[in-house]
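Trainee: Pasting a structure below so you can have a look.
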C-alpha cells in the first residue's frame with residue numbers, strides 16, 4: 001500500500017512529497033549560499049568562516065526539506081534520512097562534477113553520514129511536532 005500525503009484536499013504520493021522536499025532543500029541552500037557570499041563580500045569575512053557556515057547551511061536545508069516532506073502521513077524518522085542522503089549525494093556529485101575530481105572516500109562517507117543523521121533527527125522533530 002502506498003502512503004500518500006494530503007495537500008490542499010488532494011493526495012500526493014510519498015515519492016513526490018520527498019522529491020518536493022528535496023527541491024525545497026536545494027532552494028534553501030541556493031538562497032543561503034547567495035546570502036553568505038554577500039556577507040563574505042560585505043563584511044570581509046575570512047576563509048575560516050566557510051566550512052562551519054557551509055555545514056550549517058546543509059543541516060538547515062535538510063531540516064527545511066524534511067519538515068515540508070513529512071507533512072501528512074509520512075514518517076519522518078523513515079523519510080528524513082532518505083532526504084538527507086539524497087541531498088548530500090546530489091551535493092557531492094555536483095561538487096565532483098564541477099571540480100573534475102573525485103573527493104576522498106572519507107569525505108564522501110562523512111557527508112553522507114551527516115545527511116543521514118541530519119535527516120533522521122529532522123524527521124524525528126518533524127514527526128513529533130505534527131498535529132494529529
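Trainee: In degrees between 0 and 90, to the nearest 10, how far off the longest principal axis of the chain does helix 14-43 point, with axes built from Cα atoms?
Mentor: The helix 14-43 is inclined about 30 degrees to the chain.
Trainee: Averaging sequence separations of C-alpha pairs under 8 Å and six or more residues apart, then dividing by the length of the chain, give the relative contact order as a whole percent. It would help to have the intermediate numbers written out before the result.
Mentor: Numbers: 165 pairs, mean separation 39.4, N = 132.
Answer for the chain is 30 percent.
Trainee: Quick check: residue separation of residue 107 and residue 89 times 0.36 nm, minus the Cα distance between them. What number comes out in nm?
Mentor: Gain in length upon complete extension: 5.3 nm.
Trainee: What is the helix-to-structure angle for 76-99, meaning the angle in degrees between its Cα long axis and the longest Cα principal axis of the chain, kept from 0 to 90 and rounded to the nearest 10?
Mentor: 30 degrees
Trainee: How much space per residue, in cubic angstrom, does the convex hull of the C-alpha atoms of the stretch 12-132 take up?
Mentor: Residue-normalised Cα hull volume stands at 111 Å³.
Trainee: Can you give me the Cα centroid spacing of the stretch 51-87 and the stretch 95-118 in angstrom?
Mentor: 17 Å
Trainee: Could you give the angle, 0 to 90 degrees to the nearest 10, between helix 50-69's Cα long axis and the longest principal axis of the Cα atoms of the chain?
Mentor: That helix lies at roughly 10 degrees to the long axis.
Trainee: Enumerate the residues in the stretch 76-91 having an amide nitrogen under 13 Å from the point lying 7 Å beyond the Cα of residue 54 toward its Cβ.
Mentor: Under 13 Å, as judged by backbone N against the label point of residue 54, lie 91 of the stretch 76-91.
No value in this document is a laboratory result; all are computed from the given coordinates. None of these values were measured; they are calculated from a predicted model. Because the Cβ atoms are built from the backbone with ideal geometry, glycine has one as well, and the counts that use them run over all protein chains shown.
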